[in-house]
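The values are calculated or read from the model by the stated rules, or taken from the named source; none is laboratory data. A quick note: this is a predicted structure, and the numbers were derived from the prediction, not measured. With ideal geometry, Cβ positions are generated from the backbone for all residues, glycine too; neighbour counts draw on all protein chains shown. Remember, those area values only see protein heavy atoms, side chains included, never the ligands or the DNA or RNA. Shrake-Rupley method; radii C 1.70, N 1.55, O 1.52, S 1.80 Å.
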Amino acid sequence: MITDDLRDLVPYQANPVPDSERTLHVGQPNLSDRAAFDRLVDEMYENRWFTNNGQLVQRLERRLSEYLQVKHVVLVNNATTGLQIAAQALGLTGEVILPAFTFVATAHALQWVGLKPVFCDIDPQTHCIDPQKIEALITEQTSAIAGVHVWGRPCPTDAIDEIARRHNLATLYDAAHAFGCRHQGRMLGNFGQCEVFSLHATKFFHTFEGGAVTTNDDALAEKIRLMKNFGFESMDRVVELGINGKMPEVCAAMGLASLEQLDDVLEINRRNYLAYDAGLSDIPYVHLHPQTNLEGTNFHYIVVEVEADAPLSRDELLKQLHDAQILARRYFFPACHRMEPYRTLYPEYLDALPETDRLCQRIMILPTGTAISPDDIPRICATIRSSLTRRKAA
Ligand code: T4K
């Protein structure tokens, strides 16, 4: 139910451009309450403490640990660094199995720390790694399975755990999309040896730039804390190979202010999803990727599949939307195995991932979040309908 309070959160109301002329983007950031953010920035000034594990970072870690019901939350400067640190802290070597249907950062983080990404195909129903295809990829060099909770939909963690146990592999999850999502009655953040969230501006919950590594393993959390701060155990004493993965205080201020409004953002996302569901349901050739976990998702991505025999290809439809100032996006396009350096380093995957390749050709992401007004979604759906029917009639 959208209340008046909720409407106050939607920034379009302060926007002088009429709804019908605004450009609609995928990924426009949710805004925190400005006064709450300003108060936290004032506090940061009073403390004269801007980074290096400041009070706001510590406070946000405590809040997130309560929110995610996980023992340890280690904030970092972004999820890419978080994944690199997690891989190092877990002592991964050789090869790591992951889906190619992910943002390229997942593969880059592993390759950057000297691991070979081994790309696994996805389950076309869930868009996540297909557990039935993992085992055939395991070799003597495999040290871990890295699942990605694509669009916030949980990976099949039981199946992955079972394979990992049998082959003595580590498990970690890229939870970049999945803040606030639940799985089997628990918040994501509690699965595998550790999970890594992105808190980038385009995400459901954000800190401008940022990331969070979560784990229930005390020793691993301690190692990750050391590693994100150059390996310093105490002043002048370095005990690990470390990096600069620290989150600045101003980012934590954004996180603390944003956390207060997260329930409202969730409600707006849910409203938008339901409006898309209704608006797209009778348009032929397009299908909204269904949310199967209505009580446990953040509804942050509106994912639409365009059928192969539609009168317009996915890319032609995108062009029509862009012409109407609706900047829908292809994610993830192309998939990692078709991007450099992977297509040159590992050409064996170019013909090995049919479901990934099919999905990459078919899906588009539509705008949602608090920057979208209730009137935008009917306009977007009408543009999709008229583009498809115009072409069919022609
Ligand atoms: N794993 C997965 C599965 C991920 O999706 C990501 C990041 C990562 C790992 C790595 O997390 P981080 O290291 O970033 O914490 C964007 C984001 O930069 C990236 O964080 C995100 N995933 C990815 C899916 O999307 P681009 O290259 O698509 O960004 P860009 O600049 O094209 O912006 C996306 C849209 O957002 C545009 O329509 C414009 C809009 N936008 C963006 C920003 C930053 C705004 O309206 N305002 C803004 O301030 O990567």
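Can you tell me which residue is farthest from A201 (Cα to Cα) among those in region 22-36 that are more than 12 Å from the ligand (Cβ to nearest atom) and open to solvent by 30 Å² or more (accessible area, probe 1.4 Å)?
So the residue we want is A35.
Which condition number in (1) of a type outside the set (S, T, Y); (2) open to solvent by less than 10 Å² (accessible area, probe 1.4 Å); (3) within 14 Å of the ligand (Cβ to nearest atom) is the one that A176 fails?
Against the list (1) of a type outside the set (S, T, Y); (2) open to solvent by less than 10 Å² (accessible area, probe 1.4 Å); (3) within 14 Å of the ligand (Cβ to nearest atom), A176 comes up short only on (2).
Residue by residue through region 58-71, note down the ones that are open to solvent by less than 40 Å² (accessible area, probe 1.4 Å) and either more than 16 Å from the chain's Cα centre (by Cα) or of a type outside the set (A, V, I, L, M) (or both).
L60, E61, L64, S65, V70 - these are the residues of region 58-71 that are open to solvent by less than 40 Å² (accessible area, probe 1.4 Å) and either more than 16 Å from the chain's Cα centre (by Cα) or of a type outside the set (A, V, I, L, M) (or both).
Being open to solvent by 10 Å² or more (accessible area, probe 1.4 Å) and over 16 Å from N30 (Cβ atoms) is the filter; apply it to region 192-207 and report the residue that is nearest to the ligand (Cβ to nearest atom).
My answer is G192.
Limited to region 40-70, what total is found for residues that are in contact with a helix residue (DSSP H, G or I) (Cβ under 8 Å, 6 or more places away or on another chain) and more than 27 Å from N298 (Cα to Cα)?
9
Residues checked against (1) over 29 Å from I302 (Cα atoms); (2) within 12 Å of the ligand (Cβ to nearest atom); (3) free of Cβ contacts under 8 Å to residues at least 12 places away in the same chain; (4) touching a Ser or Thr at 6+ places or on another chain (Cβ under 7 Å):
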| position | (1), (2), (3), (4) |
| --- | --- |
| Q88 | yes, no, no, no |
| F101 | no, yes, no, yes |
| C120 | no, no, no, no |
| Q125 | no, no, yes, no |
| Q141 | yes, no, no, no |
| W151 | no, yes, no, no |
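Given the residues L388, L350, L359, L366, which is the only one that is of a type in the set (A, V, I, L, M) and either touching a Ser or Thr at 6+ places or on another chain (Cβ under 6 Å) or more than 25 Å from P311 (Cβ to Cβ) (or both)?
Exactly one of L388, L350, L359, L366 is of a type in the set (A, V, I, L, M) and either touching a Ser or Thr at 6+ places or on another chain (Cβ under 6 Å) or more than 25 Å from P311 (Cβ to Cβ) (or both), namely L350.
Would you mind stating whether L98 is aliphatic (A, V, I, L, M) and open to solvent by less than 10 Å² (accessible area, probe 1.4 Å)?
Yes; evaluated as a whole, the condition is true for this residue.
Against the condition within 25 Å of L350 (Cβ to Cβ), touching a strand residue (DSSP E or B) at 6+ places or on another chain (Cβ under 6 Å) and open to solvent by less than 10 Å² (accessible area, probe 1.4 Å), how does V118 come out, does it pass?
Yes; evaluated as a whole, the condition is true for this residue.
Where in region 49-130 are there strands (runs of 3 or more DSSP E), lying fully within it, with 3 or more residues that are closer than 20 Å to T207 by Cβ?
72-76
Which condition does G114 not pass, out of (1) touching an Asp or Glu at 6+ places or on another chain (Cβ under 8 Å); (2) more than 24 Å from T356 (Cα to Cα); (3) away from the ligand (no atom under 12 Å from the Cβ), if it passes all the others?
(1)
Here is a check on your reading of the model: is G210 within 16 Å of the ligand (Cβ to nearest atom) and open to solvent by 30 Å² or more (accessible area, probe 1.4 Å)?
no
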